[in-house]
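Novice: Below is the structure I would like to discuss, written out as C-alpha cells.
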Amino acid sequence: MTNRTIIVGMAATFIGLTALLLVAGVVVSPVLLAVAVPFGIVSYFLWYHASGKLRDRVRREAARAGPGERERARR
C-alpha cells in the first residue's frame with residue numbers, strides 16, 4: 001500500500017461524509033450544511049494532493065522562484 005492509496009482512500013471517505021452531511025442537511029437540519037462545508041474543503045485538498053496536481057504546482061512555483069528566493073526563505 002502506497003501513500004497515494006491512503007490519500008485516495010481518505011479523500012473518498014471525506015467525499016462520502018460530505019455527501020451524507022449535505023443530504024442530512026437538506027432533510028433533517030440546515031445546521032448540518034454548515035458542518036458539511038469544512039468536509040468538502042478537506043475533500044478537495046485531499047483529492048488535489050492525491051491527483052499529483054499539488055506536487056506539480058509546488059515544483060513549478062519553486063522553479064519559477066529561482067535559487068535566490070529559496071535561499072532567503074531558509075534564513
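The values are calculated or read from the model by the stated rules, or taken from the named source; none is laboratory data. In this text, all values refer to a predicted model and were calculated from it rather than measured experimentally.
Novice: How about the range 1-35: which of its residues are within 18 Å of residue 46 (Cα to Cα) and not hydrophobic (A, V, I, L, M, F, W, C)?
Specialist: 2, 3, 4, 5, 9, 13, 16, 18 - these are the residues of the range 1-35 that are within 18 Å of residue 46 (Cα to Cα) and not hydrophobic (A, V, I, L, M, F, W, C).
Novice: Scan the helices (runs of 4 or more DSSP H) fully inside the chain and keep the ones with 3 or more residues being more than 11 Å from the chain's Cα centre (by Cα) and at pLDDT 90 or above.
Specialist: Ranges flagged: 3-27, 31-50.
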